[in-house]
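Below: the structure, in structure tokens.
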Amino acid sequence: YRAFIRPFLCKFPGEGSYFEPHRDWMYVDEHRGVSSFVFFVALEDIDLENGQVCVLPRSHRFDDMLRGTDLWSPWVAHEAVLRDRFETFSLKAGQVAVWNHAAVHGSNVTSDPRFAAGMWVCPEDAQLVHFRRIDGTTS
């Protein structure tokens with residue numbers, strides 16, 4: 001695998017820090033059986049109080065809809081149904097959570113800034129792609 005995005009992630013405090021359920025873009029052509037993943041590295045202890053990460057188990061297998069700029073899966077809008085089924089997990093500083101980019105995930109509100117590092121990875125020989133909606137009918 002190779003890294004292709006390596007961000008530092010700061011979750012700022014307040015109601016605006018809530019991260020609704022979503023799926024990340026499709027960075028590789030998953031229709032060809034290739035997957036990409038997020039490595040989420042806690043730079044401090046992360047728990048319910050400061051932006052705990054939530055993931056919907058097995059949601060990376062729900063459909064094969066394209067994901068990218070102006071593309072979305074209509075069922076992700078059913079937040080209440082999804083949230084009830086999320087698994088949340090706390091991380092100690094230095095621990096890593098890994099999930100498939102197709103997995104539905106989000107995080108709760110924090111009252112203090114929360115810091116993490118990320119690394120997006122794909123197979124060494126995978127070509128990166130960017131899907132986007134061109135107009136109302138074409139992707």
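Using only the Cα atoms of the stretch 80-139, build the gyration tensor, take square roots of its eigenvalues as a ≥ b ≥ c, and label the shape rounded, prolate or oblate: rounded if a/c is under 1.5, else prolate if a/b is larger than b/c, else oblate. Oblate, since a/c reaches 1.5 and b/c is not below a/b. Seen from Leu71, the other residues with C-beta closer than 9 Å to its C-beta sum to a net charge of +2, counting Lys and Arg as +1 and Asp and Glu as -1. A simple spin-label model places pseudo-atoms 7 Å from Cα toward Cβ; at Arg32 and Phe62 they are separated by 2.6 nm.
In whole Å, what is the distance between the alpha-carbon centres of the stretch 66-139 and the stretch 1-51? Cα centroid of the stretch 66-139 versus Cα centroid of the stretch 1-51: 6 Å apart. Remark: the stretch 1-136 carries a charge dipole of roughly 240 debye about the Cα centre, counting +1 on each Lys and Arg Cβ and -1 on each Asp and Glu Cβ. Other residues with beta-carbon under 11 Å from the beta-carbon of Leu128 carry, at +1 per Lys or Arg and -1 per Asp or Glu, a net charge of 0. For the stretch 12-27, putting each phi into the Karplus relation 6.51 cos²θ - 1.76 cosθ + 1.60 with θ = phi - 60° gives couplings of 7, x, x, 4, x, 7, 5, 10, 4, x, 7, 10, 6, 4, 8, 8 Hz, in residue order, rounded to whole numbers and with x for Gly and Pro. In terms of its Cα atoms, the stretch 1-66 spans 40, 26, 19 Å along the principal axes, sorted from long to short.
Please list, in chain and number order, the residues 5+ apart from Phe62 or on another chain whose amide H is under 5 Å from its amide H, with Hs placed from the backbone. When sequence neighbours closer than 5 places are left aside, there are no close amide H contacts. Kirkwood hydrodynamic radius of the chain, from the reciprocal of the average inverse Cα-Cα distance over all distinct pairs: 15.8 Å.
None of the figures in this text is laboratory data; all of them are computed from the coordinates on show. What you are looking at is a predicted structure, and each value in this text was computed from that prediction instead of being measured. All Cβ positions, even for glycine, are placed from backbone atoms using ideal geometry, and neighbour counts span all protein chains on display.
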